[in-house]
Amino acid sequence: APTIRLSDYQEPAFWVDTVKLSFDLDPTATRVTSKITFRANDTRTDGPHDLKLDGRNLKLITASINGNAIPADSILQDAEGLTIPSDLVPQDGFTWVAEVEINPSANTALEGLYMSNGMYCTQCEAQGFRKITFYPDRPDVMATFDVEIKGDAPVLLSNGNKLAHGMWHDPWPKPAYLFALVAGDLKSYDDTFTTASGRHVDLQIFVRDGDQDKCAYAMDALKRSMKWDEQVYGREYDLDLFMIVAVDDFNMGAMENKGLNIFNSKYVLASPETATDVDFERIEGIIAHEYFHNWTGNRITCRDWFQLCLKEGLTVFRDQTFTGDMRSHGVKRIDDVLQLRGRQFREDAGPLAHPVRPEEYIEINNFYTATVYEKGAEVIGMLKLLVGDENYRKALDLYFDRHDGQACTIEHWIAVFEDATGRDLAQFKRWYSQAGTPTLSVREEFANGRYTLHLSQSTPPTPGQPDKLPLVIPVRVGLLAGDGSEAAPEQLLELTQSEQSFDLGAFDEKPVPSILRGFSAPVILKHDVDNATRAFLFAHDSDPFNKWEAGSAYASDMLVKMALNDGAIDAAYLDAIHAVALDDALDPAFRAFAVGLPSEEEITSAIVALGEKPDPDAIYTARNALSLAMAEKMADDLPNLYTAMQVDGPYSPDAEAAGKRALASTALGLLTKLDGGKTAAKQFDNADNMTLQISALAALIRAGAGETQSAAFYDQWKSDNIVLDKWFAIQASCATPDAGLDIVQKLATHPDFNWKNPNRFRSLIGPFAMNPAAFHRIDGKGYQFLADWLIKLDAINPQTTARMAGLFETWKRYDKKRQTLITGQLRRIADTKNLSKDTSEIVGKILG
Ligand code: DPP
Ligand code: ZN
């Protein structure tokens, strides 16, 4: 398969003004008629041009230009599309009409038009539209769409405003990747919203009959998102109708099709009995994310797929800010950084590392990555910090003013900030082109009463990028006095060179620095700090992120040494964690994070950073030992803490109640180590919501128990797929190292393991591969299990397979024996006959 390069970008020879689509739905033989008006692109003077249209798995029935049928032998068709020679193509513009036949039932890749539980639905981003009809399927081609749908289904939906049953008009020009169609026997949950300027908008969430009572939270989140985007970004909704559809078979989380968002049902449907606090928060965030795309993505879209971060980084940044506003910024930041380190740092340190704006790809679906999304959002956060809140808003206003209706690049985005603020961002822009996580090293100096910070930066080589240039790194710094108070106002240091010194002023005694507050840049901080200083910051830092970070770094330091057989549990750590756990002045949600130990993945990467080989069993054992010591240390207080964090009254998913339940659940995990599961079993029996039920089950499984409860859980929920996914996932992720493989092998033969459904597949295979001690068995059987399933899934769903093949990306961290075992499996995958280009690109890169 060819490599596509950013440097090869060229505007199309023809633009499209209007698209009229007519669908005659049939499960195995849907007819699609398209009428497309093309206009010459006057900047292309290199004509005459052939007409080249993308198209995959399409049966062409007829095609005409300006009403003249094109003889079949004049149409050059291959697996990727068709070409009409230029002598048949009026060069100043023309109308193309074509009829094609497609087979939605046979579409297991879930890209284009496919069937899920008897309903028709579409997924067109990035390149699914070409599986619906012939089209210049690229995001810089924007057109207005009219859609007519003929079919028996009572609900026939497409983008835009509704003209009549099955008739739709979208007045806003859009790229084809935002096209959507849904047809089926669906019920809607309805509401309305009035925009700031008084426009009335109908809101509808479409679900299967019986699920209407699980839509209230998503609807509420949608209305809050609409209001927030008006208040914070001055952006109003622009159609008469906004629709969301819940679909069970979906490769992604959700999709921002204009006016018709399509969601993986697990990110819409929620009730207290079936969804956890974490689910509620995620639903809120994803509803917001997709809604925010209406302006950042849809009204202003990407010129080409290399610019994906233009819409995704910005929209993630917007949804993160929204969640912070709805809940707690401090806690949200901790959560986001945990995700960033767990997924993006891991990606950036391995064979799949790529810049936030990649420069080449084989399969674009492989670039919907943590780097494009999460690091892309970090870059926006740094930009905002550097220019300030007011300038950020000014730049965004200019962005919307200047580029509404356009398909843009990162250059446009940067220019808007330069024009709005007068600041030169040439160096800052390196964040978009340089892969790898920079290291920020800190040395302190206190001499003659002056305190100086010496900062230096370096970014490691990544595939294709041996040498790196210095970045602009914003470093928020606070200074604490000996009594824990702030010794000076917080400062924002801008590190632009490889090495730079910052004189922070005169002090009577050496202050204790709190560096990189709020995690102000996505870097690895290297600062030789002793554990006494960490304990001091853990107790006193006024910045919630760095307060948490200090405790976490303390634990990590200890766990790394324990796992390397070179350390013991530090009593001072237990004192510190005990104090924070019981500190009622602190938000329970924060305390839950503070008491939760670094994950096995985090400890692994800390060990790798020291140049050592991680031993998954030793890491598991160390972490268990520390958590047992914490439980014993807090033994007298845990029952009280657990009781104090119980929430009375009917369940509500609000941040305060959820925070208490999170801390109660942490306490329960510790208590289970002491009471043989008595409290957890009781919680399981009495639970009236999913948060309590599943946290009890998880605590029991982690302790190697919970068989009765697991069986009861299955009986209760076997007909609810979203909950049943949790049942698969919890067993795979909480399994003890010895039992893990047996458990997942058995679950893989369970009658409910419908592996063709992406949610079900991911819920078993993903958590197992992310359970390091179970997955990295020294006999290699964990690797073989994953590879077997990837090979099987690739034949029907390349996109999800390729994504999950990334689970092997860390193989170089491990010892020789494991390396050989993993690469053996990777080669077996690579050698599979007819392997998709998606999976082959990922596996090829991982093997290097
Ligand atoms: N649906 C994906 C997202 O919203 C891709 N656009 O991020
Ligand atoms: Zn998005």
### Query
What list of ³J(HN,Hα) couplings, whole Hz, do you get for region 792-803 from phi and the Karplus terms 6.51, -1.76, 1.60, once you set θ to phi - 60° and write x for glycine and proline?
5, 6, 4, 5, 10, 9, x, 4, 5, 4, 4, 4
### Message
Between region 432-506 and region 298-317, how far is it from one alpha carbon centroid to the other, in angstrom?
### Response
30 Å
## Note on the structure
Note: T749 to T820 extended length (0.36 nm per residue) minus current alpha-carbon separation gives 22.7 nm
### Query
How large is the dipole of region 669-806 about the Cα centre if only Lys and Arg carry +1 and Asp and Glu carry -1, each at its Cβ, rounded to the nearest 20 debye?
260 debye
### Message
Suppose every Lys and Arg Cβ carries +1 and every Asp and Glu Cβ carries -1, with no other charges. What dipole size does region 443-561 come out with about its Cα centre, to the nearest 20 debye?
### Response
340 debye
### Message
What aspartates and glutamates does K150 reach when the alpha-carbon gap must be under 17 Å and sequence neighbours fewer than 8 apart in one chain are set aside?
### Response
D24, D26, E99, E101, D185
### Task
Give me the distance between the Cα centres of region 1-72 and region 132-181, rounded to whole Å.
16 Å
### Message
For a quick check: with amide H placed at 1.01 Å from N, whose amide H comes under 5 Å from G81's, ignoring anything fewer than 5 positions away on the same chain?
### Response
G55
### Residue pairs, from the table K20/K227; K726/K812; K726/K746, whose Cα atoms sit over 28 Å apart
K20/K227; K726/K812
### Task
Work from the charge dipole of the chain (Cβ charges, +1 for Lys and Arg, -1 for Asp and Glu, about the Cα centre) and give the residue of G518, L25, G482 farthest towards its positive end.
L25
## Note on the structure
Check: C-alpha center region 343-368 vs C-alpha center region 618-672, spacing in Å is 37 Å
### Query
What are the residues whose amide H is under 5 Å from the amide H of L440, where those residues sit 5 or more places off or on another chain and H is modelled from the backbone?
I524, L525, K526
### Query
Between A585 and L163, how many nm apart are label points set 7 Å from Cα along the C-beta direction?
6.6 nm
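Is there a pair in K214/K756; K162/K332; K52/K223; K258/K756 whose C-alpha atoms are over 32 Å apart, and which pairs would that be?
Those over the limit are K162/K332; K52/K223.
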### Query
So, in nm, how far is label K150 from label S105 when the simple model puts each one 7 Å beyond its Cα toward the Cβ?
2.0 nm
### Task
Would you mind computing, in nm to one decimal, how far apart the modelled labels at A609 and A40 are, each placed 7 Å from Cα along Cα→Cβ?
6.0 nm
### Query
Where does the chain land at 222 nm, in deg cm²/dmol rounded to the nearest 500, when only DSSP H runs of n ≥ 4 count, each adding -39500 (n - 2.57), divided by all residues?
-12000 deg cm²/dmol
### Task
Would you mind calculating the gained length between E230 and R393 on full extension (0.36 nm times residue separation, minus the Cα-Cα distance), in nm to one decimal?
57.4 nm
#### Entry: Selection from G47, I102, I61 lying farthest towards where the dipole of region 1-113 points positive, charges on Cβ
I102
### Query
For helix 721-734, what angle does its Cα long axis make with the longest principal axis of the chain, in degrees from 0 to 90 and rounded to 10?
40 degrees
### Query
Using θ = phi - 60° and the Karplus curve 6.51 cos²θ - 1.76 cosθ + 1.60, what whole-Hz ³J(HN,Hα) does each residue of region 456-462 get, with Gly and Pro shown as x?
9, 9, 7, 10, x, x, 9
#### Entry: In degrees, nearest ten, helix 707-717 long axis to first principal axis of the chain (Cα)
30 degrees
### Query
Can you give the FRET efficiency for I796 and R31, using 1/(1 + (r/R0)^6), R0 = 22 Å, r = Cβ-Cβ distance, to the nearest 0.05?
0.35
### Task
Using R₀ = 45 Å, calculate the FRET efficiency as 1/(1 + (r/R₀)^6) where r is the Cβ-Cβ separation of L492 and N624; round to 0.05.
0.65
### Query
Quick one: Karplus J couplings for region 144-155, per residue in order, coefficients 6.51, -1.76, 1.60, θ = phi - 60°, nearest Hz, x for Gly and Pro?
7, 10, 10, 10, 10, 10, 10, x, 7, 4, x, 10
### Task
Taking amide H positions as placed in the peptide plane 1.01 Å from N, state which residues far from Q465 in sequence (5 or more) or on other chains have amide H under 5 Å from it.
none
### Query
Structure shown: which of K561/K845; K792/K837; K311/K833; K561/K817; K311/K660 lie over 25 Å apart, alpha-carbon to alpha-carbon?
K561/K845; K311/K833; K311/K660
## Note on the structure
Treating only Lys and Arg (+1) and Asp and Glu (-1) as charged, each at its beta carbon, one finds that the chain has a dipole about its Cα centre, in Debye to the nearest 20, of 1540 debye
### Task
Give me the aspartates and glutamates in straight-line cross-link reach of K394: C-alpha distance below 14 Å, same-chain residues under 8 apart excluded.
E418, D419
### Query
Angle, helix 690-702 long axis vs. longest principal axis of the chain, Cα atoms, 0 to 90°, nearest 10?
60 degrees
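Coordinate-derived values only; no laboratory data. This one's a predicted model, so the numbers in the text were calculated from it and none came from an experiment. Positions of Cβ are generated from backbone atoms using ideal geometry, with glycine treated the same way; all protein chains shown enter the neighbour counts.
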